[in-house]
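Novice: Dropping the structure in here first, questions after.
Any read-out appearing in this document is the output of simple, stated calculations on the displayed coordinates, not a laboratory observation. Note that the structure is a prediction, hence the values are computed from the model and not measured. Backbone-built Cβ (ideal geometry, glycine too); neighbour counts: all protein chains shown.
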Amino acid sequence: MKFSPRNHLEHCPKPKQAGHKPPKKPGGYFRKLLVSLCVLSLTTSQMAWAERGGLIRDAETESLVRSYARPILKSAGLAGQNIQIHLVNNSSFNAFVIDGQNMFLHVGAITQSKTPNQLIGVIAHETGHITGGHLARLRSQAKRAQSASMMLQVLGLAAMIGSAFAGGGNGLGEAGRGLMASPGLVRRHILAGRRIEEASADQAAMTFLNRTHQSGRGMLQTFEFFADQGLAGSQFVDPYVLSHPMPQNRIANLRSWVKKSAYYKKADPKQLQHRHDLVKAKLIAYTTAPRNTFRKYPRNNTSTPALYAQAIASYKQSGLKAFLPAIGKVIAREPKNPYFYEIKGEFLFKSGLPHDAIPALRKALRLAPKADLIRITLAQSLIATGKKSKMREAITLLNKALVKEKQATNGYRQLAIAYGRTNNIPKAELASAQAYFFEGRLSDAKRHARKAKKLFKRGTSHWIRADDIVSFNPPKR
C-alpha cells in the first residue's frame, strides 16, 4: 500500500521522452465517462492510499473481500460475470453498485463491521441490486435527465469516487457528497423508487445467504443499526442511510426472513474472523493517526491483529527503527502469512532500502503466488535498485501481473521505466501510453501511443495496442 510514482518516464535514456505534465483537472473526457457509467476506468493508480483519497488497492484486503463475495456471486449466477469490487478510501459505512459489473465498498464498511457475516450480508444485498436489474433502471433515469445538474444528482455517488480518476484531487468527491445530501427533486425521486428495490434486494440477499449456508444475522444487525441512525435525526447523515432508505416495516420483514433461516445461529469460522480482524487492524492503522491506532489497540493488547496495527502505527510515528522489531513479532506469530512480509518489504522500500525490501517481497510472493499487486511491488523494488541486471526480471514480473491487473497504472509506469533502462523505447512509449490511458489523461496517452506506433511494425500486437489508444474516442450520450 503506497503512492504511485508520477514521473514514469523520468529514468528513460532520452531526455525528450521524459516530459511529464502535471495532472489535469477533470475535463470533458472524465465527465463523459462518468455520465456513461464507465466506472471501470475509475480503477486508477496502483495502491493509492489515505492521503490522496479515491480508490485504493491492497492485496490482503482484496483477497479477503473476494473470499466473502465469491460464494455469494456464484449462488446468484454471477460467477462468470467478472464482477469487480473496488475499495473506496472513505471512513463512512457505505457500499453501492452503479452498473452491473462494479461494486464499491468503503473502507469504513470493513473497519466498522465486527464480523465477516455483517460485511457478507452487505455484499449479498448489493448483489441483489445487480440481479434485480435495478442498475438498468438507474441508467434509464440518468438518460431521461434533462440537464447536466440533474445528471450529476443521479450520479452523485459516482462523483464521490471520481477524484481518484483525476489523480487524487478531492473537488469532485466533495461535489458528489454535496449532491447526494441535497434535497433536489431528482434525488428524492430516485430514493423513493429505491425503497421498493431495497426490499427486493434484501429478499434476494437472504436467498443467496441460504444457498451458501450462511446466516443473515449480520445483515440484519447492520441494517438495524442504520435504521436507528436514520431515526436519530440529521446528526447522522451516513451515505448508506441516504442511498438505502430503511423504514421500520422493511426492517421487520428482514428480521422475519433472517430468523426463519435454518442458518440463523450459524457463526463465522474462527479463521475467517481472524482474517477479518487482521484486515480491520491494518486499515485502521493505515487510515488514522498513530495516536488513534494506539487508542484502539493499546500496548497491553497483545493479540496478533493488535500487534499488526501497532507495527504500522510505529512506522508512521517513529520510522523503520521502531517498525522492524514490531513487525518481527507479528511474523513470528504467523510465519506463513504473506501479507506480513509484504508490508515489511513495502516499508523498507518506502524508507529508501529497495535492496533490503526484495527478500521480504520475494517471500510474500512465494506464499501468495497469485497476488499480482505484490508482484508489481517486487518489480518496483528491483527497478529502484538501479541495476540493469534487475530490469529483465522486473519486466517479466510486470508483464505477468498486467495480464490480470490490466488497469494498474503504476504497473505500466514501472514497465516504462524498465523498458527505458534496457533501451527498448518502443515498448517504453507503449507502456507510458497505457498508464496515461487508464489514468484518464487521454491526450497524453495518445501522444505516447502515436510515438509507439511509429516504432512498431504495422500490424503487430504492440502496434495494434498503440493504435487502439490513438483511435479511442470517449463514448457520447
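Novice: Among the residues of the stretch 335-379, which ones are over 20 Å from S314 (Cβ atoms) and among the hydroxyl-bearing types (S, T, Y)?
Specialist: Within the stretch 335-379, T377 is the sole residue that qualifies.
Novice: Mind checking which residues of the stretch 332-368 are over 20 Å from the mean Cα position of the chain (by Cα), in a loop (DSSP other than H, G, I, E, B) and on the phi < 0 side of the Ramachandran plot?
Specialist: Those that are over 20 Å from the mean Cα position of the chain (by Cα), in a loop (DSSP other than H, G, I, E, B) and on the phi < 0 side of the Ramachandran plot: E334, P335, K336, N337, S351, L353.
Novice: Take the conditions on the phi < 0 side of the Ramachandran plot, surrounded by fewer than 15 Cβ atoms within 10 Å (Cβ to Cβ) and part of a helix (DSSP H, G or I) and apply them to R291. Does it pass?
Specialist: Yes, satisfied.
Novice: Name the pairs whose Cβ atoms lie under 9 Å apart, with the first residue in the stretch 261-281 and free of Cβ contacts under 8 Å to residues at least 12 places away in the same chain, the second surrounded by 18 or more Cβ atoms within 10 Å (Cβ to Cβ), and 6 or more positions between them or separate chains?
Specialist: P269/P116
Novice: How many residues are outside any helix (DSSP H, G or I) and more than 32 Å from the chain's Cα centre (by Cα) if we restrict to the stretch 448-472?
Specialist: First, pick out the residues of the stretch 448-472 that are outside any helix (DSSP H, G or I): 456-460, 472.
Next, only the ones that are more than 32 Å from the chain's Cα centre (by Cα) stay: 456-460.
Summing the residues that are outside any helix (DSSP H, G or I) and more than 32 Å from the chain's Cα centre (by Cα) in the stretch 448-472 gives 5.
Novice: Please go through the stretch 448-477 and give me each residue that is buried (at least 18 other Cβ atoms within 10 Å of the Cβ) and either among the hydrophobic types (A, V, I, L, M, F, W, C) or more than 22 Å from L398 (Cβ to Cβ) (or both), ordered by number.
Specialist: Residues satisfying the conditions are A449, A452, F456, W463, A466, I469.
Novice: Kindly evaluate K280 against the criterion of being basic (K, R) and either assigned to a loop (DSSP other than H, G, I, E, B) or touching a Phe, Trp or Tyr at 6+ places or on another chain (Cβ under 9 Å) (or both).
Specialist: Criteria not met by K280.
Novice: Say we look at the stretch 369-393 and pick out the residues that are touching a Ser or Thr at 6+ places or on another chain (Cβ under 8 Å) and in a helix (DSSP H, G or I); which of these is farthest from E405 (Cα to Cα)?
Specialist: Checking each candidate, the answer is K388.
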